[in-house]
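Worksheet for the structure shown next.
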Amino acid sequence: MNKWRPFLISLLAIAVLQGCVMSNARFFKKTTPSDDPTYGYSVNNPVKIKNAELKHSINSTQYYLSRLKMKNGEPLRLLQRGSVLNPKFKDRDVTLYNRYTGQPIGGGGVLDYYTLATESGKDTVRLYIDMYSKGEVKIPAGLIFDREK
């Protein structure tokens, strides 16, 4: 049995990694274009990508951005990433504190923004993503979502 152990561990690792990729494909399976021209382009109307735990939301955000293209099919590449305060964030009624540092937990709520450029460099797009709120994920106007085959 010991001679098969490395093989079985490798096989299990591949299955787990393949499952992660498939989970993103399933998460975005029903993604449709947005009718709202501000969707994703405004801090007041961000793309909401909460996929269970934060680490899954981060992976799902990267997957989502990697599948977006211009309407003409031109790929986008990441130029810049940053964070801004979420104007719709509401403070909790009770403030929670980190038991080790004594600092408040949570703060003012943030949105991430991503500045993407076309491969030709002729156009740039800035999208706002909220990884902390659930919502129906759509495709911003002027973009397409390249689904896995």
What are the residues in the stretch 84-105 that are modelled with pLDDT of 80 or more and surrounded by fewer than 10 Cβ atoms within 10 Å (Cβ to Cβ), if any? Arg99, Tyr100, Thr101, Gly102
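Listed here are the residues, each with its yes/no results for (1) surrounded by 13 or more Cβ atoms within 10 Å (Cβ to Cβ); (2) more than 16 Å from Lys134 (Cα to Cα).
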{"residue": "Lys30", "(1), (2)": "no, no"}
{"residue": "Asp35", "(1), (2)": "no, yes"}
{"residue": "Ser42", "(1), (2)": "yes, yes"}
{"residue": "Gly73", "(1), (2)": "no, yes"}
Of the numbered conditions (1) surrounded by 13 or more Cβ atoms within 10 Å (Cβ to Cβ); (2) farther than 15 Å from Ser60 by Cβ; (3) at pLDDT 85 or above; (4) not aliphatic (A, V, I, L, M), Asp146 fails exactly one; give the number of that condition. (1)
Tell me which residues, restricted to the stretch 108-149, are assigned to a loop (DSSP other than H, G, I, E, B), among the hydroxyl-bearing types (Ser, Thr, Tyr) and closer than 19 Å to Met70 by Cβ. Ser120
Please list, ordered by first then second residue, the pairs with beta carbon atoms under 7 Å, 6 or more apart or interchain, first in the stretch 68-87 and β-branched (Val, Ile, Thr), second surrounded by 13 or more Cβ atoms within 10 Å (Cβ to Cβ) and not in a loop (DSSP other than H, G, I, E, B). Val84/Val110; Val84/Leu111; Val84/Tyr113
In this structure, does Lys69 turn out to be basic (Lys, Arg), in contact with a Pro (Cβ under 6 Å, 6 or more places away or on another chain) and modelled with pLDDT of 85 or more? yes
If we ask which residues in the stretch 44-56 are surrounded by 14 or more Cβ atoms within 10 Å (Cβ to Cβ) and at pLDDT below 80, their number turns out to be 3
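The values are calculated or read from the model by the stated rules, or taken from the named source; none is laboratory data. Quick caveat: nothing in here was measured; it's all calculated off a predicted structure. Heads up, the Cβs are rebuilt from the backbone with ideal geometry, glycines too, and the neighbour counts pull from every protein chain shown.
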